[in-house]
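A short worksheet on the structure shown next.
Where a number appears in this text, it was derived from the coordinates with a stated rule and is not lab data. If you're wondering where the values come from, they're calculated on a predicted model, not measured in any experiment. Here the Cβ positions follow ideal geometry from the backbone for every residue, glycine too, while neighbour counts run over all protein chains shown.
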Amino acid sequence: MAAKQLVSMRGITKSFGTETVNDRIDFDLQAGEIHALLGENGAGKSTLMNILSGVYRQDAGEIKLHGQPVTIQSPKDAIGCGVGMIHQHFKLVENLTAAENIILGYKKGLMLNRKKINQEIAEFSMSYGLSIQPQDCIYQMSVGEKQRVEILKALYRGADILILDEPTAVLTPQETKELFTILKKMAAEGCGVIIITHKMQEVMEIADRITVLRKGKKVGTREIGQVNEQVLAEMMMGQMVIRERIKNINPVGETVLTVQNLTVRGDKGVDAVKDVSFTVNQGEILGIAGISGSGQKELAEAIAGLRRAEAGSIKIAQEETKGKTAREMIDLGISFVPEDRLGMGLIGTMDMADNLILKDYRKPPISRGIFIDKQKAKERASAVIEQFDVKIADNNGAIKSLSGGNLQKILLGREILEEPKILIAAYPVRGLDIGTTEAVYNLLLEQRDRGCAVIFISEDLDEIMELSDRIMVMEGGRTTGIVKPEETSVEEIGRMMLSGRVS
């Protein structure tokens, strides 16, 4: 007996201005399957799924859900049809609790029993292995916790068609394994799951079928048994992909950053960084590994001048930075690429040129007295577009509609324009495709090679081992060790991340 068809998309076409991002694409989803959607950034994956989830309307083409033609005009329509989507950039209200976000627009009534709802959501969360405290506010959560709220929200609303855009980007290997167990269970019960990911190993592990898009067109759909990672990479890129990493052969220079006995408080009012000490030298990449919520976010923000130290010291080239503002830290040579690209790094409602001058709009050549030289700002934007291969249809439009890879290129372009002494990059390739990931890696290596001290924060252990000259592991806000990649293993780093002890 043939599987029930949950989704049928035929001839889907969507353009933004003069750029066609979906060009007559066909896509199907069967009940009981996990279907992976692959492609480079800008290939049209997120746009296609945003059409299915009601964020955009197609210019042409037909959609059937559960065998019936539908017109999806809004996310509300999609939710009503059983479609739930977890976006790469979260759709949460920061000052509401997890429970309030989950029931927002779903449960109605003047007198809601909050205690009962919190208990219900807590039990539901535990049943799926998602560790969420319903009463916690979103702004207090790490990126990983926020994503789990999004996943829980879709599951709680009873979606039988679940779309996940890079769902494992913020998860540890164990959390990823648990999520895959959940998704496989959902599929076994008749749900259909669409997963957008660039992690080939994950695709091979979890997907039943794979559809590849390239430059807005469908390349093909394959059963998982018909492909391997190299075949998928060639389908995505249009060419054979050979990954090669050049290790650091240059001697490191002087110590640029010294962190001594640093303690930093988190948003929840408790110490998130506890008595941490380390140094970073010119011309090296210090990787920081740890599961989400281990203090990496607070550590990075403290070094960037965005969070006050409760104890200890941060010195840049032996200069004490206590009491200095974020602007003063920028003037000392610090650049910061935060993990939340749109929430903290960029302003989605502004255009690219304005985002690129956020750090130095007061200085020449951008500043002309009390005025901003818009022409200089536009010239900078054009230079970044060319240098970093940013795909953007309208230079004057708001950047919020750009893909994650293009947003990251803009953010990195801004942060390295002035050749910083210290570059802090938090999860810089999270959710990016192979080509963009390689481009970001090369940018970090170029900064290292010119003598910049790079702090590279990631939960991907293969990534950490590949790029770093030294690796500092954090667990529970403390440093559990600083090691060299050639003297350790992924398994050893993983044990240090999870237990805080080297066995």
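May I ask you to compute the full-extension gain from GLU486 to ASP394, defined as 0.36 nm times their residue separation minus their alpha-carbon distance, rounded to one decimal in nm?
Values: separation 92, 0.36 × 92 = 33.12 nm, distance 4.54 nm.
Here the answer is 28.6 nm.
How many nm is it between the label spots at GLN68 and GLU189, if each spot is 7 Å from the Cα in line with the beta carbon?
For GLN68 paired with GLU189, the spin-label model returns 2.2 nm.
Could you tell me the extents of segment 251-299's C-alpha atoms along the three principal axes, largest first, rounded to whole Å?
41, 20, 12
Relative to the compact-globule scaling 2.2 N^0.38 Å, provide the ratio for the alpha-carbon radius of gyration of the chain.
Compared with the compact-globule rule of thumb, the chain sits at 0.98.
Stretch ALA60-ASP331 to full length: gain in nm at 0.36 nm per residue minus the Cα-Cα span? Write out the running numbers ahead of the final one.
Working: separation 271, 0.36 × 271 = 97.56 nm, distance 5.07 nm.
Roughly 92.5 nm would be gained on extension.
Tell me the mean residue ellipticity at 222 nm calculated for the chain from its helices only (DSSP H runs of n ≥ 4, each -39500 (n - 2.57), averaged over every residue, nearest 500). It would help to have the intermediate numbers written out before the result.
Details: 16 runs with 160 residues, N = 503.
Helices in the chain give a 222 nm mean residue ellipticity of -9500 deg cm²/dmol.
If a/c stays under 1.5 just call it rounded; otherwise compare a/b with b/c (prolate if a/b is bigger, oblate if not). Do that for segment 1-149, with a ≥ b ≥ c from the square roots of the Cα gyration tensor eigenvalues.
Numbers: a/c = 2.06, a/b = 1.75, b/c = 1.17.
Verdict is prolate for segment 1-149.
Suppose we look only past 18 Å in the calculated P(r) of segment 92-158. What percent of the Cα-Cα pairs does that tail hold? Don't jump to the answer; show the numbers that get you there.
Details: 607 of 2211 pairs.
Beyond 18 Å sits 27 percent of the P(r) for segment 92-158.
With the contact rule set at Cα under 8 Å and sequence spacing of 6 or more, what percent relative contact order holds for the chain? If you can, show how the numbers build up before the last one.
Numbers: 1004 pairs, mean separation 79.8, N = 503.
Averaging sequence separation for qualifying contacts and normalising by length gives 16 percent for the chain.
Could you tell me how many degrees, from 0 to 90 and to the nearest 10, lie between the Cα long axis of helix 374-388 and the main elongation axis, the longest principal axis, of the Cα atoms of the chain?
The answer is roughly 70 degrees.
What percent do you get for the relative contact order of segment 322-396 when only Cα pairs under 8 Å and 6+ apart count? Display every interim value, and only then the final one.
Values: 38 pairs, mean separation 17.9, N = 75.
Once normalised by length, the contact order is 24 percent.
Looking at segment 414-458, which trypsin sites (Lys or Arg not before Pro) are in a loop (DSSP not H, G, I, E or B) and have at most 12 other Cβ atoms within 10 Å?
Working: sites: ARG414, LYS421, ARG430, ARG448, ARG450; in loops: LYS421, ARG430, ARG450.
Filter output for segment 414-458: ARG450.
Normalised radius of gyration for segment 243-358, please: alpha carbon Rg relative to 2.2 N^0.38 Å, two decimal places. Intermediate results must be reported in sequence, preceding the final value.
On the way: Rg = 15.7 Å, N = 116, 2.2 N^0.38 = 13.4 Å.
Computed over Cα atoms of segment 243-358, the ratio equals 1.17.
Along the principal axes of its C-alpha atoms, what lengths does segment 389-457 span, in descending order and rounded to whole Å?
Between the extreme Cα coordinates on each principal axis of segment 389-457 lie 35, 25, 18 Å.
Going by the alpha-carbon gyration tensor, a ≥ b ≥ c the square roots of its eigenvalues, is segment 424-503 rounded (a/c under 1.5) or, if a/c is not under 1.5, prolate (a/b greater than b/c) versus oblate?
Cα axes put segment 424-503 in the prolate bin.
Assuming a ≥ b ≥ c are the square roots of the Cα gyration tensor eigenvalues, decide whether segment 12-69 counts as rounded (a/c under 1.5), prolate (otherwise, with a/b larger than b/c) or oblate. Spell out each step's value before the answer.
Details: a/c = 2.28, a/b = 1.36, b/c = 1.67.
Here segment 12-69 falls in the oblate category.
Please go through segment 334-405 and write out the trypsin sites (Lys or Arg not before Pro) that DSSP classes as loop and that have at most 12 other C-beta atoms within 10 Å. Intermediate values should be presented prior to the final figure.
Working: sites: ARG341, LYS359, ARG362, ARG368, LYS374, LYS376, LYS378, ARG380, LYS391, LYS400; in loops: LYS359, ARG362, LYS391.
Those satisfying the criteria are ARG362.
Could you give the longest part of the chain that holds none of the GluC sites (Glu not before Pro) found in DSSP loops with at most 10 neighbouring Cβ atoms within 10 Å? Provide the component values of the computation, followed by the final result.
Values: sites that count: GLU189, GLU244.
That would be 245-503.
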